Amino acid sequence: MNKSFLQIKSLKKKFIDSTDEIVVLDDINLDLTTNKLIALTGPSGSGKSTFIHLLGLLDIPDRGEYNLDTSKNLFNLSDKEKSDYRRRNISIVFQNFNLISDLTALENVMLPNLYTGESKSKSLELAKNLLTKAGLENRLNHTPKELSGGEQQRVAIARSLINKPKLILADEPTGSLDSKNAEVILDMFINFKDENSLILFATHNKSLVNKSDLELTISNGTVNFN
Ligand SMILES: Nc1ncnc2c1ncn2[C@@H]1O[C@H](COP(=O)(O)OP(=O)(O)OP(=O)(O)O)[C@@H](O)[C@H]1O
Ligand SMILES: [Mg+2]
């Protein structure tokens, strides 16, 4: 059954600088089911990163309601409640990886799982499993500076999956990768979406859009399915 999972109602976000008011998102309404891989497209400056930050509870809107598998409006939570909610339910992957430089690939992936109180042996098993799926079984003990850009990005994706988040948000996760590594990452997402996850990723890459279930395009303040 296609049960509604993520709902956005009347979302508005504007930025005001010294002279102008830029309405980036203007009265957005959206209803998405889970187990989907969704490509978020739109011209540079259209609001993809802004939208991802809002869905990740990293920014506040001017108006709107946001429900994710709950009837609570997540925008109304306190900062502490937002970070607790995020830790348990949402993973965000940024373009610049944000790996911890003095930890190995394996330790980077294990860390968020250990924070949940998981045992070290179970965490180790999960992390090894994910890194193997990412084609990094021979890089487990490398620190980020001993990894290529594509390898670092695959570690970041493995890390984003270890706590089985309900929602994965990725802002141009393949932006700095060659097409082969971009496909590897997309395949990881495709394999993962069946684990009750919704994955939304911003991209300019048409071949990745074609492998997604849906394309959502932002332009002129509106969000539409293509
Ligand atoms: N903190 C801010 N203050 C003022 N304007 C901002 C701020 N953040 C973003 N903007 C503006 O909002 C618009 C949307 O920016 P955003 O970064 O969301 O675009 P994008 O679709 O992610 O673009 P790109 O494809 O280049 O990454 C842009 O016009 C940008 O200049
Ligand atoms: Mg952006």
- Task: Report yes if ALA170 is more than 16 Å from ligand 1 (Cβ to nearest atom), touching a Phe, Trp or Tyr at 6+ places or on another chain (Cβ under 8 Å) and touching a residue at least 40 places away in the same chain (Cβ under 8 Å), otherwise no.
- Result: no
- Of the conditions (1) loosely packed, with under 13 Cβ neighbours inside 10 Å; (2) closer than 29 Å to LYS9 by Cβ, the single one that LYS120 does not satisfy is (2)
- Message: If I filter the stretch 47-62 down to residues being of a type in the set (A, V, I, L, M, F, W, C) and surrounded by fewer than 21 Cβ atoms within 10 Å (Cβ to Cβ), which single residue comes out as farthest from ligand 2 (Cβ to nearest atom)?
- Response: ILE60
- Query: Looking at the stretch 199-218, which of its residues are in a loop (DSSP other than H, G, I, E, B) and under 15 Å from the mean Cα position of the chain (by Cα)?
  - Reply: THR203, SER212
- Here are ILE60, ILE22: which of them is free of Cβ contacts under 8 Å to residues at least 24 places away in the same chain, aliphatic (A, V, I, L, M) and within 10 Å of ligand 1 (Cβ to nearest atom)? ILE22
- Output for the stretch 56-108, where each listed residue is part of a loop (DSSP other than H, G, I, E, B), over 20 Å from PRO173 (Cα atoms) and in contact with a Gly (Cβ under 9 Å, 6 or more places away or on another chain): ASN73
- Task: Output the number of residues of the stretch 63-97 satisfying the condition of being in contact (Cβ under 8 Å) with a residue 12 or more places away in the chain, surrounded by fewer than 19 Cβ atoms within 10 Å (Cβ to Cβ) and within 16 Å of ligand 1 (Cβ to nearest atom).
- Result: 2
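Each value in this text was obtained by applying a stated rule to the coordinates, not by laboratory testing. Since this is a predicted model, take the numbers as computed values, not measurements. Because the Cβ atoms are built from the backbone with ideal geometry, glycine has one as well, and the counts that use them run over all protein chains shown.
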